[in-house]
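Participant: Handing you a structure now.
What follows is calculated from the coordinates using simple rules that are stated; it is not laboratory data. In this text, all values refer to a predicted model and were calculated from it rather than measured experimentally. Every residue, glycine among them, receives a Cβ derived from its backbone with ideal geometry; neighbour counts consider all protein chains shown.
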Amino acid sequence: MNDPRANMDGNNLFNMGSPRADWSKTPGRLPGFWLSLAGFVLAVVFPLPSLIVAVIGLAYSTQALRAIPARARGRGLVLASIALVAVSIALVLGRTILSVFL
């Protein structure tokens, strides 16, 4: 077959590499982070509302974590929000335990 469109000599498509997926639009990624951050900030003043906000942020973050594959761009923000939720829950529990015993 002599089709000139099938000529792959000199074609640089292979050198360009595969396209990277855009995971910045994953549902729950940004709301999960902002709710986790709000729960962390509120943990100092209002323990119970901050716990509720942090758990809602955790739900959004785990939804995004299941959608984003490992070692993909955009996963760090989800992991940071899960860490913020863990710290805010520990802060609320520590504050509650200290207020009961002191």
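Participant: Taking 7 Å along the Cα-to-C-beta vector as the label spot, tell me the Ala86-Trp34 distance in nanometres, rounded to one decimal.
Facilitator: That separation, rounded to one decimal, is 2.5 nm.
Participant: Continuing with this model, one more query. Distance in nm between label sites at Arg95 and Arg73, each 7 Å beyond Cα in the beta-carbon direction?
Facilitator: In this crude label model, Arg95 to Arg73 measures out at 3.7 nm.
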